[in-house]
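Everything below concerns the one structure shown next.
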Amino acid sequence: MKIWQHFKTITRHRMIVMAGCFRVGLYWQGLTHDLSKYSPTEFWHGAKYYQGTRSPNAAEREDKGYSEAWMHHKGRNRHHYEYWTDMNMATLQYEAVPMPRKYLAEQIMDRRAACMVYQGKHYTPASPLNYFENSRERSLMHPQNRQELEFLLTMLKDEGEDATFRYIKENMLRGKPFPWEENMEE
């Protein structure tokens with residue numbers, strides 16, 4: 001078990017997310033981000049499967065076929081798109097529902113921080129977009145949130161943190177339309 005290393009990693013991740021959330025005005029979300037990672041279910045599994053270069057949930061999943069820590073985490077943290085699924089009463093199927101913007105903003109901070117922590121000196125502003133583009137999660141997200149997330153991660157890559165955080169704070173979190181929504185209103 002790598003208890004101390006895991007504790008330092010999740011705490012560093014939280015501090016990076018907190019700083020990002022504070023920059024866009026999400027103070028409570030910054031303070032409470034990922035507190036469930038310190039719960040026994042998540043913490044002890046994380047310490048057991050700790051590697052330092054990727055999420056311990058991936059290693060747990062490879063070992064057991066599922067990650068108990070991840071299942072606990074995604075059901076308690078609204079910045080994960082997996083939290084936002086519910087039964088569609090018309091189809092009787094579980095489907096993605098739109099995530100509120102404040103949680104999407106926190107998700108941007110979360111993805112950025114995860115890449116910074118796990119990639120270290122190899123992190124670039126393109127890292128979160130590259131990770132997203134190479135994942136299978138895109139097909140599981142609500143289409144609206146997928147489009148918004150891709151737009152913001154592309155902005156982070158192309159325009160940098162200052163411009164992206166300013167856009168999140170001054171436009172997205174104030175309910176202003178995204179560029180493609182403005183064209184729909186005309």
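Quick one: which residues, 5+ away or cross-chain, put their amide H under 5 Å from the amide H of Thr124? H built at 1.01 Å from N.
So Thr124 has HN proximity to no qualifying residue.
Tell me the accessible surface of Tyr66 in square angstrom (1.4 angstrom probe, heavy atoms of protein chains only), to the nearest ten.
The accessible area comes out at roughly 100 Å².
In straight Cα distance, which aspartates and glutamates are under 14 Å from Lys157, not counting same-chain residues fewer than 8 positions off?
By straight Cα distance, Lys157 reaches Glu133.
Return a single number: how many Lys pairs in region 1-121, at a sequence separation of 8 or more or on separate chains, have alpha-carbon atoms below 20 angstrom apart.
13
With unit charges on the beta carbons (Lys and Arg positive, Asp and Glu negative) and the dipole taken about the Cα centre of region 1-78, which residue among Ala19, Gln51, Gly75 sits farthest to the positive side?
Ala19
With a probe of 1.4 Å, find how much accessible area the chain has per residue, and write the answer as a whole number in Å².
Averaged over the residues of the chain, the accessible area is 56 Å².
Which whole number of Å³ per residue matches the convex hull of the alpha-carbon atoms in region 1-45?
It comes to 49 Å³ per residue, whole-number rounded.
Would you mind telling me the share, in percent, of accessible area of the chain contributed by carbon and sulfur at probe 1.4 angstrom?
The value for the chain is 53 percent carbon and sulfur by accessible area.
With a 1.4 Å probe and all protein chains kept in place, how much accessible area does His72 have, in Å² rounded to the nearest 10?
Rounded to the nearest 10, that gives 40 Å².
Just the Kirkwood number for region 1-115, please: inverse of mean 1/r across all distinct Cα pairs, in Å, one decimal. Walk me through the numbers on the way to the answer.
Working: mean 1/r = 0.0668 Å⁻¹.
When all Cα pairs of region 1-115 are included, the Kirkwood radius is 15.0 Å.
The values are calculated or read from the model by the stated rules, or taken from the named source; none is laboratory data. Predicted model only: the values in this text are computed from it and were never measured. Neighbour counts run over all protein chains shown; Cβ positions are idealised from the backbone, glycine included. The accessibility values were calculated without ligands, DNA or RNA, using every heavy atom of the protein model including side chains. Shrake-Rupley method; radii C 1.70, N 1.55, O 1.52, S 1.80 Å.
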